[in-house]
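The values are calculated or read from the model by the stated rules, or taken from the named source; none is laboratory data. Keep in mind that what you see is a predicted model, and the values were worked out from it rather than measured. Accessible surface is based on the protein model in full, side chains and every heavy atom, while ligands, DNA and RNA are left aside. Shrake-Rupley method; radii C 1.70, N 1.55, O 1.52, S 1.80 Å.
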Amino acid sequence: MEQKIDCAQACVNGCVLGNKCPNIEFREATSQFIAETSLDQMLQIAEERLRKKMTEPPKWVLPED
């Protein structure tokens, strides 16, 4: 039986499931990205994304009737 948890809440201080984590492939890809990408490149990526987000038109969320 597979254990279901909310990773955003439960794993704030680190993965609580260890090798049974359903998101293990993302963890490995993230570790590889961090190891291969310089801090300057990461900051450049973040600045570019922020610039794109600031130039996007606002998205309106209308309540359902």
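Ligands, DNA and RNA left out, the 1.4 Å accessible surface of the chain is 56% carbon and sulfur atoms. All C-alpha to C-alpha distances of the chain, sorted into 5 Å bins beginning at zero, yield P(r) values of 3, 13, 13, 13, 13, 16, 15, 10, 4, 1 percent in whole numbers. Taking 0.36 nm per residue of separation and subtracting the current Cα-Cα distance, fully stretching the chain between ILE34 and GLU56 would add 5.1 nm.
In the chain, the DSSP-assigned H stretches of four residues or longer account for a calculated mean residue ellipticity at 222 nm of -16000 deg cm²/dmol, using -39500 (n - 2.57) per stretch and the full residue count as denominator.
The phi-based Karplus calculation (6.51 cos²θ - 1.76 cosθ + 1.60; θ = phi - 60°) puts the 3J(HN,Hα) values of region 53-59 at 5, 6, 8, 6, x, x, 9 Hz, whole numbers, x for Gly and Pro.
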